[in-house]
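Quick notes on the structure that follows.
The values are calculated or read from the model by the stated rules, or taken from the named source; none is laboratory data. The structure displayed is predicted, hence computed values, not measured ones. Glycine gets a Cβ as well: all are built from the backbone with ideal geometry, and neighbour counts include every protein chain shown.
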Amino acid sequence: MRKLLEGKTAIVTGASKGIGLAIAELYAEEGANVVLTARGKDLLDEVVEKIRKNGGNAIGVIADSSDPKAPADVFAKAIETYGQVDIMVNNAGSGDMVAIEEATDEHFAKIVELNLTGVFRYCREAVNHFLPRNEGRIINVSSVNGTLPICGVAYTSTKGGVNTMTKNIAIRLSGTKIRCNAIAPGVTDTEAAAAWAAGEQEGGDVIAGILG
């Protein structure tokens, strides 16, 4: 039976654990060449090797999604290795539970740079790569917090922003064969969700007490 993504190449950011890793593993199982990004080399090497041992095609690229240079560097490596990119999955991000009265400018800017500006840069890189051949897919990993903002003010603001940006890009690309969509997971069995449940995310005691 033909695999659903046979011959396709996908970039997945924040792919060394959690939702990003699950997406990368499933894409590899369905025949895609997968380019995984993460900031930590050791864990990234480990998961890439696991995918390869299971018969998948994968490479790892050390990249921080808040780095303005990351999208161009990651796309260049993916194209060098596999020829082109067909799917862009923006998964990298950071959660927080910092309430408005305790959020600093520095904290807010840090979360926005990773969760929203980083997604924008990868979307822009993907669209510019897809447009010449009028084909491609962008999947942005948002959150239920984009519409039910019960976590930190920075995190929820970025997820609402991702939802709006996704719609804007989809409208811009209407009439083409390029698609941009978002998925909005709720609580998922990941390390980040475990930290959230334990009140260990940054600012966790403030909002956790309110929601308590």
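Summary table
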| quantity | calculated |
| --- | --- |
| Failed item in (1) crowded, with 22+ Cβ neighbours inside 10 Å; (2) touching a residue at least 60 places away in the same chain (Cβ under 8 Å), with Glu102 passing the rest | (1) |
| Lys167 vs. criteria free of Cβ contacts under 8 Å to residues at least 60 places away in the same chain, touching a strand residue (DSSP E or B) at 6+ places or on another chain (Cβ under 9 Å) and surrounded by fewer than 20 Cβ atoms within 10 Å (Cβ to Cβ) | yes |
| Single match in Ala109, Ala170, Ala194 (criterion: part of a helix (DSSP H, G or I) and at pLDDT below 95) | Ala194 |
| Val47 being crowded, with 16+ Cβ neighbours inside 10 Å, at pLDDT 95 or above and not in a helix (DSSP H, G or I) | no |
| Which numbered condition Ile79 misses (of (1) part of a helix (DSSP H, G or I); (2) within 14 Å of the chain's Cα centre (by Cα); (3) β-branched (Val, Ile, Thr)) | (2) |
| Residue count for region 88-104, restricted to those that are part of a loop (DSSP other than H, G, I, E, B) and in contact with a strand residue (DSSP E or B) (Cβ under 6 Å, 6 or more places away or on another chain) | 1 |
| Residue match in region 81-99 (condition: small (Gly, Ala, Ser), more than 25 Å from Leu131 (Cα to Cα), surrounded by fewer than 19 Cβ atoms within 10 Å (Cβ to Cβ) and touching a helix residue (DSSP H, G or I) at 6+ places or on another chain (Cβ under 9 Å)) | yes |
| Test: residue in region 105-120 that is in contact with a strand residue (DSSP E or B) (Cβ under 7 Å, 6 or more places away or on another chain) and within 24 Å of Glu6 (Cβ to Cβ) | no |
| Asp42 part of a helix (DSSP H, G or I) and without any contact (Cβ under 8 Å) to a residue 12 or more places away in the chain | yes |
| Selection from region 50-71 of residues that are among the small types (Gly, Ala, Ser) and exposed (fewer than 14 other Cβ atoms within 10 Å of the Cβ) | Gly55 |
| Test result for Gly136, at pLDDT 95 or above, surrounded by 21 or more Cβ atoms within 10 Å (Cβ to Cβ), within 24 Å of Phe75 (Cα to Cα) and in contact with a Lys or Arg (Cβ under 9 Å, 6 or more places away or on another chain) | yes |
| Hits in region 1-26 (condition: closer than 20 Å to Gly93 by Cα, outside any strand (DSSP E or B) and in contact (Cβ under 8 Å) with a residue 24 or more places away in the chain) | Thr13, Gly14, Ala15, Ser16, Lys17, Gly18, Ile19, Gly20, Leu21, Ile23, Ala24, Glu25 |
| Selected residue [closer than 23 Å to Lys3 by Cβ and in contact with an Asp or Glu (Cβ under 9 Å, 6 or more places away or on another chain)] from Gly20, Gly95, Gly55, Gly83 | Gly55 |
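Residue-wise test of (1) in contact (Cβ under 8 Å) with a residue 40 or more places away in the chain; (2) touching a Pro at 6+ places or on another chain (Cβ under 7 Å); (3) surrounded by fewer than 23 Cβ atoms within 10 Å (Cβ to Cβ); (4) outside any helix (DSSP H, G or I).
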position: Phe120; (1), (2), (3), (4): yes, no, yes, no
position: Cys123; (1), (2), (3), (4): yes, no, yes, no
position: Val127; (1), (2), (3), (4): yes, no, yes, no
position: Asn140; (1), (2), (3), (4): yes, no, no, yes
position: Ile150; (1), (2), (3), (4): yes, no, yes, yes
position: Tyr155; (1), (2), (3), (4): yes, no, no, no
position: Thr158; (1), (2), (3), (4): yes, no, no, no
